[in-house]
Amino acid sequence: MKSEKREPEQYVDLGHSDIENHLKTQVALYEKRLKEGTAANKVAAFFATNLLGFAYHYLKSRFGPKAEYQFYPRNGDDGIYPIHSYTDTVTLALVSDWATDTPESDRIGGLIRDYDPDYTIHLGDIYFVGTPQEVADNFTNPDASWHFGKHGSLALSGNHEMYSNGTAYFKKLLPEMKIRKGHEVATQQAGFFCLENEHWRIIGLDTGYNSTNRPFLEVLFKPDCNLRKEQISWLKEVVKLGNPDDKRGIILLSHHPYFSSFRDDHPVVGRQLKEVFGAAERPVLWFWGHEHRLSFYNKYGFSDGIQAWGRCVGHGGMPVETDPPDRGHLGQLLFYDQRVRERIRRRDVGFNGFALLTINGPAIDINYIDQTNKTVIAERWKVDETGGLSSELLEIHPEVTKY
Ligand SMILES: [Fe+2]
């Protein structure tokens, strides 16, 4: 059975610093609804409050063991998928923090369907905590708005999937993620993967599995999201990222940001990748989500990590944040879509959206499209014969903030 449609109000302020005041307000609201309500809308009341709603689902789901980690080879699959297209170009839609089952996520899902890309990839976070019902509501029910790409869909895990120990992510969502592999149809077997053609390798990384550890403490003391050793071995031995003769352009996808001007950095992932690349290291283009905003960074890397141009596309389905940056890396922050769409609960909320990549030989055009179907930013990336990347800004909305 499909649960009641959610409203964006439920997600405003989720996990933010004014937690205490907000919790008080939500508890008061919840108690009032309990007094007035029937059994059915008591559950609705949990959904109608945001922080308490999250806390309830978190508490309900957080106990028990973490899902067993899945890695390649598994069921005969090695996690490498040759890119297919019926035309000379290949299109991929990247969307993150999308699975909220709100009118906004339906809108973005509908837009992606209209563009009908070859591949669609979710960069993680199914709200509130990635339960089987939430997977069904967003991805697999007949009226769910996830659009499956012509040649396949893949999904990364965020922290929210792991708040319910990852079970629904591994056992419900991944079995539905199908992708063409030559003449076969493969099923996603692990939380990481590589899509590739002669010019590009698009590598999805699992930073979600190690984004949780002990219940409760993890909310305050965040784990470092390091890549598990099985994933590192796969990157070294199967993907062979350290092969200096492979000059294809590297695009990374992950849920968690490598670095950020707004929230936590995750330097350990860049450090692990530096070790994997070895002498073959070169700067990469890296898409991530987790933060509910659209932001662009110039090339940066920690002294002991790889260099990357960061693109945060966490504006898929949650209320989009427009707060100013305050956590460093300001020298690297290039653009940030701070346009305000509406105010919800006295907070400014920005525009949801997704990234549409069009691969055309050694070039990739990337359009960042908002929920009104406008291009916010368009850029073109090219890979040269050394594996080096360069970019060109093609279009920018006049109201996007430039840093
Ligand atoms: Fe997240």
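The values are calculated or read from the model by the stated rules, or taken from the named source; none is laboratory data. Please read all numbers here as calculations on a predicted model, not as lab measurements. For neighbour counting, all protein chains shown are included, and Cβ atoms are generated from backbone atoms with ideal geometry for every residue, glycine included.
Pick from region 356-385 the residues that are part of a loop (DSSP other than H, G, I, E, B) and among the charged types (D, E, K, R): which of them is farthest from Arg341 (Cα to Cα)? Break it down into steps so the answer makes sense when it comes.
Step one: list which residues in region 356-385 are part of a loop (DSSP other than H, G, I, E, B), which gives 361-362, 371-374, 384-385.
Right, trim to among the charged types (D, E, K, R) and you get 374, 384-385.
Working: Lys374: 13, Asp384: 39, Glu385: 43 Å.
The extreme case among them is Glu385.
Quick check on Thr131: is it of a type in the set (Ser, Thr, Tyr), at pLDDT below 95, more than 15 Å from the ligand (Cβ to nearest atom) and closer than 18 Å to Tyr58 by Cα? Write out each step before concluding.
Details: of a type in the set (Ser, Thr, Tyr): yes; at pLDDT below 95: yes; more than 15 Å from the ligand (Cβ to nearest atom): yes; closer than 18 Å to Tyr58 by Cα: yes.
So Thr131 fits the description; yes.
Hey, can you tell me all the residues within region 124-136 that are touching a residue at least 60 places away in the same chain (Cβ under 8 Å), surrounded by fewer than 24 Cβ atoms within 10 Å (Cβ to Cβ) and of a type outside the set (Ser, Thr, Tyr)?
Val129, Gln133, Ala136
Scan region 97-119 for residues that are more than 17 Å from Glu321 (Cα to Cα), modelled with pLDDT under 95 and in contact with a Phe, Trp or Tyr (Cβ under 9 Å, 6 or more places away or on another chain) and jot them down.
Asp101
Cβ-Cβ distance below 8 Å, separation of 6 or more or different chains: which pairs start in region 366-393 with a residue that is over 19 Å from Phe354 (Cβ atoms) and end on one that is of a type in the set (S, T, N, Q) and modelled with pLDDT of 95 or more?
Every condition considered, the pairs that remain are Lys382/Ser390; Lys382/Ser391; Asp384/Ser390.
Output the residues belonging to region 179-224 that are touching a helix residue (DSSP H, G or I) at 6+ places or on another chain (Cβ under 9 Å), small (Gly, Ala, Ser) and part of a loop (DSSP other than H, G, I, E, B). Walk me through how you get there before you give the answer.
In the first step, residues of region 179-224 are kept if they are touching a helix residue (DSSP H, G or I) at 6+ places or on another chain (Cβ under 9 Å); the result is 187-192, 194, 203, 205-212, 215-216, 218-219, 222-224.
Going one step further and asking which of them are small (Gly, Ala, Ser), we end up with 190-191, 208, 211.
Ala190, Gly191, Gly208, listed by residue number.
Counting just the residues of region 337-355 that are assigned to a strand (DSSP E or B) and free of Cβ contacts under 8 Å to residues at least 40 places away in the same chain, which one comes out nearest to Gly109 (Cα to Cα)?
Residues of region 337-355 that are assigned to a strand (DSSP E or B), as a first pass: 342-344, 347-349, 353-355.
Restricting the remaining residues to those that are free of Cβ contacts under 8 Å to residues at least 40 places away in the same chain gives 342-343, 348.
On the way: Glu342: 20, Arg343: 23, Asp348: 23 Å.
Ranking the candidates gives Glu342 first.
What is the number of the single condition among (1) over 16 Å from Arg74 (Cα atoms); (2) crowded, with 20+ Cβ neighbours inside 10 Å; (3) not hydrophobic (A, V, I, L, M, F, W, C) that Gln188 does not meet?
Of the numbered conditions (1) over 16 Å from Arg74 (Cα atoms); (2) crowded, with 20+ Cβ neighbours inside 10 Å; (3) not hydrophobic (A, V, I, L, M, F, W, C), the odd one out for Gln188 is (1).
Of all residues in region 138-165, which are surrounded by 22 or more Cβ atoms within 10 Å (Cβ to Cβ) and at positive phi?
Scanning region 138-165 gives a single hit, Gly152.
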